[in-house]
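Engineer: One structure is given below, represented as structure tokens, and several questions about it will come after.
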Amino acid sequence: MSPTSTAPRHVDHLVVGAGFAGLCAAIKLQEDGETDFVVIERGPDVGGTWRDNTYPGAACDVPSQLYSFSFAPNPDWSMSFSPQPEIQAYLQRVARESGTLDRFVFDTEVLEATWDDDDQTWTVETTGGTWTARTVIVGAGGLSEPRLPEIEGIEGFQGEVFHSARWDHDVSLAGKRVAVIGTGASAIQIVPEVQKVAAHLDVYQRTAPYVIPRNDRRYGRLERTALRHVPGLQKLYRTAIYWGRESYVPAFTIEPRIAWPAKQLALANIRKGIKDPALREKVTPTYDIGCKRILISNTYYPALDADNCDLVTDPIAKVTGNAIVTADGTEREVDVLVVATGFFTTELPITEHLTGRDGVTLAQRWRESGMSAYKGSTVPGFPNLFFIVGPNTGLGHSSMVFIIESQVSYIRDALRTMRASRYGAVEVREDAAASYNAALHRRMARTVWARGGCSSWYLDAHGRNTTLWPRSTFTFRGLTSRFDVGAYDVSAPPEGRDRTDRRPTDQGVPA
Ligand code: NAP
């Protein structure tokens, strides 16, 4: 439903983003009887990254049984690693069946959100008008803003050019000369699909990734029937996958040498997929496995080895007209340029638009020190603002949905506490946030991400890993199981307003 008036509308809670995080928040808020909320989403539908990434070959590299809500199991996944359309359809179905969709305001972007300390309210300017809210829950995602490469002349490229997360399906690649810049998780899914149809494909690699086999398989009808009807079976399956994944954690966070078998798998995958010895050498990484995200594919190396594909490792110098020129002076003509260069991960763009108690934006606060939050969720100076998938909550090995559900549970408990104790505002204390982050970064120093000899999107401009969680996911679940009000400054509501006064009164988005 779209807002209809220009006067500010008030809600108790305003959620930003309708991906896994925002949808989970909406469903759980409703479960708690908190129906006075809206979800503001700049796109036309739920889904977030799974709505936006429609490139050929897009699929999840975490098994679907785990990469789904614990409260909305899906016995109908067709494959162990689901393709993007199935994940998007799953999110649409869960949203529909949850009965929360009338709370979502689509095609509306948050422009500015400002905390008013006197009124203890956030004022949120959007492209669809102004809202005020007691709490703002940001689920805008860490992989939502495409990062375009800074390459001389790229703006003047005369062919078609688009980012992997903004795939232009109107552009046919059949019989064309295509170039893909990047060899990350997106690119290695795109390359085999493009290689099948393009006349020629150039893949521009800056750093070789580790790629292990993709142990994907189709679920049989019998298996799906059993998952649907045998009580507890799907939960057992999910739990087994969870613990299997969790067993990787020590190799990432304590001793990278434990990952030796995974490295052998990756090297064997190269030998299996590529015959050309020179190409094998080019794709062999020179840093520790796990330092960058470990990728999975059975088709990437054979695609690179195909006659119509070249792997280019000379750095790109510039783009001229319809060609890419590398540092050695070679000019390669191209009709379609696919930029698979990732996202803004360490300076979340939405933070430019969040202004806290001292009139400072969150981006300003983080500019010097890098991103940091308490339990990935709250930031000093920004009362009643909660993040889902905030700083240091990312995973290299398991399902982000597990983290999202943990954070949503923390936020729910915060809201319950606020209501029960009649707090107008809660704000994490500077000392609590500082000691939490000091301990986190002490652990981070031991991880393969810090000492594996690579640079990655996990690290910010200061070389600090502000994106990943450096411990087990069950530790994170434990830390977020309860809202620890002792770490927060709390204040009573402004004179004349009782925090408990506002109970949900209406259905649908208030007009
Ligand atoms: P990414 O992992 O950040 O990869 C970007 C690639 O572009 C890297 O190979 C990078 O090289 C290269 N690159 C960046 N700037 C460049 C430049 N100026 N010139 C040449 N090369 C450049 O991005 P992504 O592949 O989109 O994946 C991002 C994250 O999204 C993943 O790590 C994963 O968490 C998620 N994802 C998941 C899936 C899945 O579940 N299957 C699929 C896609 C994405 P360097 O390595 O040298 O920096």
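The values are calculated or read from the model by the stated rules, or taken from the named source; none is laboratory data. No experiment lies behind these values; they were computed from the predicted model shown. We place every Cβ from the backbone using ideal geometry, glycine too, and count neighbours over all the protein chains shown.
Engineer: Inside region 104-135, can you point out the residues that are among the polar types (S, T, N, Q) and either in a strand (DSSP E or B) or within 22 Å of the chain's Cα centre (by Cα) (or both)?
Structural biologist: Thr108, Thr114, Thr121, Thr123, Thr126, Thr130, Thr132, Thr135
Engineer: Are any residues in region 143-193 more than 7 Å from the ligand (Cβ to nearest atom), hydrophobic (A, V, I, L, M, F, W, C), assigned to a loop (DSSP other than H, G, I, E, B) and in contact (Cβ under 8 Å) with a residue 60 or more places away in the chain, and if so, which ones?
Structural biologist: Hits for region 143-193 are Leu148, Phe157, Trp167, Val171, Leu173.
Engineer: Quick check on my filter: what residues within region 343-364 are of a type outside the set (Ser, Thr, Tyr), modelled with pLDDT of 95 or more and either under 30 Å from Leu173 (Cβ atoms) or buried (at least 18 other Cβ atoms within 10 Å of the Cβ) (or both)?
Structural biologist: His353, Leu354, Gly356, Leu362
Engineer: In region 108-120, what count of residues is obtained for those that are hydroxyl-bearing (Ser, Thr, Tyr) and touching a Phe, Trp or Tyr at 6+ places or on another chain (Cβ under 8 Å)?
Structural biologist: So the answer is 1.
Engineer: If you take the residues of region 169-191 that are loosely packed, with under 15 Cβ neighbours inside 10 Å and within 27 Å of the chain's Cα centre (by Cα), which of them is farthest from Tyr210 (Cα to Cα)?
Structural biologist: Asp170
Engineer: Another question about this same structure. Restricting attention to region 273-316, which residues are surrounded by fewer than 21 Cβ atoms within 10 Å (Cβ to Cβ), in contact (Cβ under 8 Å) with a residue 40 or more places away in the chain and out of contact with any strand residue (DSSP E or B) (no Cβ under 7 Å at 6 or more places or on another chain)?
Structural biologist: Thr284, Pro285, Thr286, Tyr287, Asp288, Arg293, Asn298, Thr299, Pro302, Ala306, Thr313, listed by residue number.
Engineer: Give the residue that is farthest from Asp61 (Cα to Cα), with candidates limited to residues of region 206-231 that are touching a Leu at 6+ places or on another chain (Cβ under 8 Å) and assigned to a loop (DSSP other than H, G, I, E, B).
Structural biologist: Only one residue tops the list, namely Tyr219.
Engineer: If you check Ala7 against the conditions, is it over 19 Å from the mean Cα position of the chain (by Cα), more than 15 Å from the ligand (Cβ to nearest atom), modelled with pLDDT of 95 or more and in a loop (DSSP other than H, G, I, E, B)?
Structural biologist: Taking the combined requirement at face value, the residue does not satisfy it.
Engineer: Please verify whether region 85-97 includes one or more residues that are assigned to a loop (DSSP other than H, G, I, E, B) and modelled with pLDDT of 95 or more.
Structural biologist: No: region 85-97 contains no residue that is assigned to a loop (DSSP other than H, G, I, E, B) and modelled with pLDDT of 95 or more.
Engineer: Can you report the number of residues in region 59-74 which are touching a helix residue (DSSP H, G or I) at 6+ places or on another chain (Cβ under 7 Å) and within 23 Å of Ala26 (Cα to Cα)?
Structural biologist: Count: 9.
Engineer: Hey, any hits in region 235-256 for a residue that's more than 30 Å from Arg471 (Cα to Cα), aliphatic (A, V, I, L, M) and either crowded, with 19+ Cβ neighbours inside 10 Å or within 13 Å of the ligand (Cβ to nearest atom) (or both)?
Structural biologist: no
Engineer: Any idea how many residues of region 20-60 are within 16 Å of the ligand (Cβ to nearest atom) and in a strand (DSSP E or B)?
Structural biologist: Of the residues in region 20-60, 1 are within 16 Å of the ligand (Cβ to nearest atom) and in a strand (DSSP E or B).
Engineer: Looking at region 427-448, can you tell me whether even one residue there is more than 15 Å from Val136 (Cβ to Cβ) and among the β-branched types (Val, Ile, Thr)?
Structural biologist: So far as region 427-448 goes, yes, one or more of its residues are more than 15 Å from Val136 (Cβ to Cβ) and among the β-branched types (Val, Ile, Thr).
Engineer: A further question on this structure: Scanning region 380-394 for residues that are more than 16 Å from the ligand (Cβ to nearest atom) and not in a loop (DSSP other than H, G, I, E, B), which turns out nearest to Glu427 (Cα to Cα)?
Structural biologist: Within region 380-394, the match that is nearest to Glu427 (Cα to Cα) is Leu385.
Engineer: Which residues, taken from region 319-373, are touching a residue at least 24 places away in the same chain (Cβ under 8 Å), aliphatic (A, V, I, L, M) and assigned to a strand (DSSP E or B)?
Structural biologist: Selection gives Val319, Ile324, Val336, Leu337, Val338, Val339, Leu354.
Engineer: Further question on the same structure: For region 178-230, enumerate the residues that are at pLDDT below 95 and of a type in the set (S, T, N, Q).
Structural biologist: If the condition is that a residue be at pLDDT below 95 and of a type in the set (S, T, N, Q), then Asn215 is the only one that fits.
Engineer: The conditions are (1) without any contact (Cβ under 8 Å) to a residue 40 or more places away in the chain; (2) in a helix (DSSP H, G or I), and Ser64 fails exactly one of them. Which is it?
Structural biologist: Here Ser64 clears every test but (2).
Engineer: Would you confirm, using the coordinates I've provided, whether Lys235 is out of contact with any Asp or Glu (no Cβ under 9 Å at 6 or more places or on another chain), of a type in the set (Lys, Arg), over 23 Å from Pro63 (Cα atoms) and not assigned by TED's automatic domain parsing to the domain that holds Asn465?
Structural biologist: no
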